Amino acid sequence: MRSGLRNIYIYTFFYSFLLLNPIWVLYLLDLGYSIFYVTVLDVVFYLSIVLASVPMGRVTDAVGRRAALLISSILTGIGILFFGLFQSFTGIAISYVVWGVGVAINSSALESVTYEYSESHNLKYLRIIGAVNFLSALSVAIASLIGGFVGEYIGLRVVVILTAAVVIFSSFYTIKLRERTREKPHAKVALKLGQYVKDRRILSIILLRVALLLNFNMMLIFKQPYYKALGIGTGLIGVIFFADVILRGLASLNTQRFAFIAKNRFFAMLFFTSLTFFTIYVPGLIESYVSLFFLILNSVIFGFYSNILSEEVNILVPSDVRATVLSVIFLASSLLTAFAEPFLGYSASVIGLEKTLLIFSVIFLAISTLAILIHIKGREYWEFRLVPDNNHGN
């Protein structure tokens, strides 16, 4: 294995080793916060991502992926450390701001460096990003398994502090990363960014990724209390999260092998968004252990289809604005999450988690349907442009 690729893999594993994954909501509930206040605090986290995404994406394009990932690891680790040390609403909010900025940097920088490494070494991007996401999932899965039992038998705060230490440790592997020499960003980056975002092909992909990321963010909030309501213990929740994340990682790892399923973009949009809708709708309709299958399937779909969409948008966008365009995706998904979480959190407190899942399934369906309609309009637009050009040429 090439050393550059190995360093990307190792960095990904340690940065993703989130021991707090299965317990962070339970940790806040244990501190006395309701689900509604958990979601209100999360608004701070996602608004931090919203405010930081595009500026940090531009910084990543300017200073390079390696420096950006180094900063990301340190800020993320410090934010998680503060999360474990502070108990007040203000203190946790501050931790979320630092943590959110770190995640905002990482989200575009890691995807950019992975795509550019694959391109410069003539490697298949779906295979590499699949391996990166699998290692990330494997790391989270192992961490979830350990974190669940450490939280149950030693303490939830211990889990948070240990998570911070591992994430900060990942910063050492950014020093070993190598990235290719890139063109300096052009002066009118904002203008170019607007041109790419307005492209209907890119806009439809952005909206679908936004819908999937919103789904991922919300299910991360809802799964823990949902499992708790089923009478499942903290340790066993860690086991379920282990299986959930491992299967998501395997789906990601095998994206290249099964990419033919998504060869027809329109069919893939319809199939995967419809299936995702039912994985949210059914647990809201039926509160039973059967719902575990659908909740895990939700993660599996995300692991596979998000890679497909990632490759499509990376192909359409050049290197000098790639991280900036990718940051728009995380900005939009984070902004929607920030708006949706308090509403859905309040809904869960008042009418119950099951009915709230039904409401969220409709929100997901609306966003994904809009993306599909934009794709159809875009396809018609490009076909319309080709006909006059060809006739004129004859």
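The values are calculated or read from the model by the stated rules, or taken from the named source; none is laboratory data. As the structure is a prediction and not an experimental result, all values here were calculated from the model. Cβ sites come from the backbone with ideal geometry, for glycine too, and all protein chains shown count toward neighbours.
If only one of Leu126, Leu81, Leu75, Leu41 is within 30 Å of Phe258 (Cβ to Cβ) and part of a helix (DSSP H, G or I), which one is it? After ruling out the rest, the residue left standing is Leu126. Taking segment 232-255 as the range and being at pLDDT below 85 and part of a loop (DSSP other than H, G, I, E, B) as the test, only Gly233 passes. When segment 75-93 is filtered for residues that are among the β-branched types (Val, Ile, Thr) and surrounded by 14 or more Cβ atoms within 10 Å (Cβ to Cβ), the ones remaining, listed by number, are Thr76, Ile78, Ile80, Ile92.
So which of Ala187, Ala131, Ala164 ends up being at pLDDT below 90, among the small types (Gly, Ala, Ser) and buried (at least 18 other Cβ atoms within 10 Å of the Cβ)? Being at pLDDT below 90, among the small types (Gly, Ala, Ser) and buried (at least 18 other Cβ atoms within 10 Å of the Cβ) holds for just one of Ala187, Ala131, Ala164, which is Ala131.
Evaluating Asn298 against the criteria (1) of a type outside the set (Ser, Thr, Tyr); (2) farther than 26 Å from Ile202 by Cβ; (3) at pLDDT 90 or above; (4) touching a Pro at 6+ places or on another chain (Cβ under 9 Å) leaves one unmet condition, (2). Looking at (1) part of a helix (DSSP H, G or I); (2) of a type in the set (Gly, Ala, Ser); (3) more than 24 Å from Val40 (Cα to Cα), can you tell me which one Ser347 breaks? Looking at each condition in turn, Ser347 falls short on (3). Scanning segment 292-302 for residues being within 12 Å of the chain's Cα centre (by Cα) and under 19 Å from Arg265 (Cβ atoms) gives a total of 1.
Selection within segment 341-359: residues that are buried (at least 21 other Cβ atoms within 10 Å of the Cβ) and closer than 22 Å to Val103 by Cβ. The member of this set that is modelled with the lowest pLDDT is Glu341.
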